[in-house]
Amino acid sequence: MTPFNLAQKSLTRRKLSSCLAIVSIALAVACCGVLLRLYLLMSQRFSTLGRGGDAIVGAKAGGIDILLGALNSEGRYPDFLPYKLFETLRAQQGVSFEDGARAEPDYLRATIPFLYFAKYYNYRAVGTDGTFFNRPQADESPTFREGHQAETPLDIAVGASVAEQKNLKVGDEITLRPWVSDQNLPSGDGSHSAFLKLKVSGVLNPTHSMWDRMLYTTVPLAQSVVATSPGLNDRSIWGSSVLNYFLIYLKPRGFQPLKDLINKRTVAQSIFVLDEKKNLEELTGTGQAVGLFVSALVILLGGLSVASMLTTRFDAMGTQLAVLRAIGYKKSEVAQALLWEGFLLGLSACLIGMGLDALLFPIVRAILSSSLPPPELIDASIFASSPVWAAAMAATIASVVFPLLKLYRQDVHRSLQ
Amino acid sequence: MPTGRELFVVPDLKIEPGERVLIQGASGRGKTTLLHLIAGLFLPSEGVVEIGGNRLTTLNDDERCELRRAQFGIVFQKLNLLEHLTASENVELALPKSLPSGKGTGRDEIVAAALKSVKMTDHADDRAATLSLGEQQRVAVARVLAAKPAIILADEPTSSLDDENAEFVMSALLEAASPKQGQARTLVVVSHDARVKKSFQRIINFSEWAR
């Protein structure tokens, strides 16, 4: 009987013990695989931030809220800013204040308007203009795969992921649901006026960022939708002449004067993108480190439990190994049988664990959807769990080491007495 | 000896091919150890053990294993079988490596014949763990019969068995040791069971012989 046959029979004949070991390892593999993939996703969560210049101006809020709201399509519907302020900044007009102070915003290279106004499924639609597609830094400018940016109030350009997921091409007509507030979302009663029918004018090339998951039309169209929103007067003293954010490209040393002007003299707040990204990384980095620590702890505990179970299993085989040795099986043959058994055990468990991982991960991802980047942008395929499989295989085979050591030191004479 | 402790000293013992030797003596005096010395499972601290010209003390562990596989058939008092294997699989364990594996190679026939000769055909597919001690001993003897070794060692093969099973196992062992196709088979049995005396040409009283 070959070592492989011996291992195979040892596994299949000790059904309860084998099943328990396999199920335990499989569950550990699945849990660790899901945890690892979640960790990878969380660590990449903010790698999908859209590229939006040097600074962002938004309504008074936390810096990270402004950053994520503008560049990662996150959070509630943001408050409004006066369009007049945008015009002033874009025109780089000097501003005089009642106290005699005067600001000359000549440190701006580009100011991009940004106004959310609708949703297409879960994708946000934004009103902007040509500066969004023609930025001072050409490598940050989204480009069109086909078609062009929206030029009339009936047009809309779509990001690469939106087009791919919804199979859209230039000329297609799509229906958007107005979204200008979280309190007063239209009920979607099916009446024509509650929805917007727009024609796709262009499809963007992939940017591998949040820009791929957005739709772009003109500011006037976006503002016209805002104008129809119920209770607008309670939320905006500027009527519909508003924006949510200005994405700003600055000249060197331009942030401090912008900050002085915006934060101290207006209803708005400016943030420096790099600073807020750093703050975000520090904030989430701590959470990720804790998450990684907990995951590592779970993996370690799971591994130790399984190793303990396997060590006990193989240890209990001491007498039988002695019988094999007594009837003429070499140590190397018995060792091969043990290693085969560990390998087959690990392989079966990993295959089942992979299946469970593949089954559970989409569910967990759906539950945590708002905390994770969307699948279209960052995909954590099942193969991202491969380090767990390798570790499980290695751990299972390594758990044979202790019985192997005992085998090589075994005194067959005493074991059989 | 592994512990460095002197367990016992035995005078020169020479067993001729085909000889049937019974080693008797009180429990705990070292009979099993002597048997294990002969099988190379245990090495003497002094002196030599030679099997057919092979000096066990000069062979390495693998070489002793190969020698056991090729020349020895061993029946222990208990713990003979791998519990998770069936009776036929336990018998198959001892077949020579040179015998090709797979169906149609004669392995199955050899195993079936061995089990038949110990009246265990009906239990061929039963797991060893489900067999009684008497049945396990029969399977252990069948394992020896299948391997057709030149030397058969049996350690208290009947001590836990009733008269009927003891007689059957002993006669099966003697049958296994009977010369086949001109090849002499040596049988060495360690036992304090008085029932088996009559079948042996040479009886060594271990308590008087060793010190």
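Selection of segment B:86-138 for residues being at pLDDT 85 or above, more than 19 Å from the chain's Cα centre (by Cα), in a loop (DSSP other than H, G, I, E, B) and within 13 Å of another protein chain (Cβ to nearest Cβ) yields B:D125, B:D126.
Within segment B:65-85, the set of residues being more than 9 Å from every other protein chain (Cβ to nearest Cβ) and either modelled with pLDDT of 90 or more or within 13 Å of B:L41 (Cα to Cα) (or both) is empty.
Restricting segment A:12-36 to residues that are under 32 Å from the mean Cα position of the chain (by Cα) and among the small types (G, A, S), the residue that is farthest from the other protein chains (Cβ to nearest Cβ) is A:G33. Within segment A:36-46, is there a residue that is open to solvent by 30 Å² or more (accessible area, probe 1.4 Å), over 19 Å from A:P373 (Cβ atoms) and in a helix (DSSP H, G or I)? No, segment A:36-46 contains no residue that is open to solvent by 30 Å² or more (accessible area, probe 1.4 Å), over 19 Å from A:P373 (Cβ atoms) and in a helix (DSSP H, G or I). In segment A:47-59, the qualifying residues are those that are open to solvent by 10 Å² or more (accessible area, probe 1.4 Å) and at pLDDT 90 or above, and the one that is farthest from A:S270 (Cα to Cα) is A:D54. Taking the conditions (1) closer than 15 Å to A:L261 by Cα; (2) under 31 Å from the mean Cα position of the chain (by Cα); (3) among the aromatic types (F, W, Y) in turn, A:Y39 satisfies each one other than (1).
Say we look at segment A:388-404 and pick out the residues that are within 13 Å of A:L339 (Cβ to Cβ) and either within 10 Å of chain B (Cβ to nearest Cβ) or without any contact (Cβ under 8 Å) to a residue 60 or more places away in the chain (or both); which of these is least open to solvent (accessible area, probe 1.4 Å)? Filtering segment A:388-404 for residues that are within 13 Å of A:L339 (Cβ to Cβ) and either within 10 Å of chain B (Cβ to nearest Cβ) or without any contact (Cβ under 8 Å) to a residue 60 or more places away in the chain (or both), the one least open to solvent (accessible area, probe 1.4 Å) comes out as A:M393.
In this structure, B:V141 qualifies as in contact with a strand residue (DSSP E or B) (Cβ under 8 Å, 6 or more places away or on another chain) and either outside any helix (DSSP H, G or I) or at negative phi (or both). When A:Q288, A:Q256, A:Q269 are screened for being polar (S, T, N, Q), open to solvent by less than 80 Å² (accessible area, probe 1.4 Å) and either farther than 20 Å from A:P82 by Cα or modelled with pLDDT under 90 (or both), only A:Q288 passes.
Checked against the criterion of being under 21 Å from A:A103 (Cβ atoms) and either in contact with a Phe, Trp or Tyr (Cβ under 6 Å, 6 or more places away or on another chain) or open to solvent by 40 Å² or more (accessible area, probe 1.4 Å) (or both), segment A:234-241 has at least one qualifying residue.
For A:T312, the test of being more than 14 Å from chain B (Cβ to nearest Cβ), modelled with pLDDT under 85, open to solvent by less than 50 Å² (accessible area, probe 1.4 Å) and part of a helix (DSSP H, G or I) is failed.
Checked against the criteria, A:R365 counts as closer than 30 Å to A:N122 by Cβ and among the basic types (K, R).
Every condition in (1) at positive phi; (2) at the interface with chain A (Cβ under 9 Å from one of its Cβ atoms); (3) of a type outside the set (V, I, T) is met by B:G52 except one, and the failing one is (2). Within segment A:59-68, is even one residue within 24 Å of A:N122 (Cα to Cα) and part of a strand (DSSP E or B)? Yes, because at least one residue in segment A:59-68 is within 24 Å of A:N122 (Cα to Cα) and part of a strand (DSSP E or B). Within segment A:216-245, residues that are assigned to a strand (DSSP E or B) have Cβ atoms under 7 Å from residues that are surrounded by 23 or more Cβ atoms within 10 Å (Cβ to Cβ) and of a type in the set (S, T, Y) in these pairs: A:Y216/A:T128, counting only partners at least 6 apart in sequence or on another chain. Any residue at all in segment B:136-150 that's over 30 Å from B:E19 (Cβ atoms) and either free of Cβ contacts under 8 Å to residues at least 12 places away in the same chain or open to solvent by less than 60 Å² (accessible area, probe 1.4 Å) (or both)? No, segment B:136-150 has no match at all. Here A:V225 clears all of (1) within 14 Å of A:F117 (Cβ to Cβ); (2) open to solvent by 50 Å² or more (accessible area, probe 1.4 Å) except the condition numbered (2). Kindly indicate whether A:K330 is charged (D, E, K, R), open to solvent by 10 Å² or more (accessible area, probe 1.4 Å) and in contact with a Cys (Cβ under 7 Å, 6 or more places away or on another chain). Yes, satisfied.
In segment B:29-49, the residue that is farthest from B:L153 (Cα to Cα) out of those that are outside any loop (DSSP other than H, G, I, E, B) and either among the β-branched types (V, I, T) or away from chain A (no Cβ under 13 Å) (or both) is B:T33. Would it be correct to say that B:V189 is part of a helix (DSSP H, G or I) and buried (at least 16 other Cβ atoms within 10 Å of the Cβ)? Considered against the rule, which asks whether it is part of a helix (DSSP H, G or I) and buried (at least 16 other Cβ atoms within 10 Å of the Cβ), B:V189 comes out as no. When segment B:18-75 is filtered for residues that are closer than 24 Å to B:K97 by Cβ and β-branched (V, I, T), the ones remaining, listed by number, are B:I38, B:V49, B:I51, B:T58, B:I74, B:V75.
Residues in segment A:190-210: is at least one open to solvent by 40 Å² or more (accessible area, probe 1.4 Å) and assigned to a helix (DSSP H, G or I)? Yes, because at least one residue in segment A:190-210 is open to solvent by 40 Å² or more (accessible area, probe 1.4 Å) and assigned to a helix (DSSP H, G or I).
The values are calculated or read from the model by the stated rules, or taken from the named source; none is laboratory data. Computed from a prediction, not measured in an experiment: that's the story for all the values here. Every residue, glycine as well, gets a Cβ built from its backbone with ideal geometry; the counts of neighbours run over all protein chains shown. Note: areas computed on protein heavy atoms with side chains; ligands, DNA, RNA excluded. Shrake-Rupley method; radii C 1.70, N 1.55, O 1.52, S 1.80 Å.
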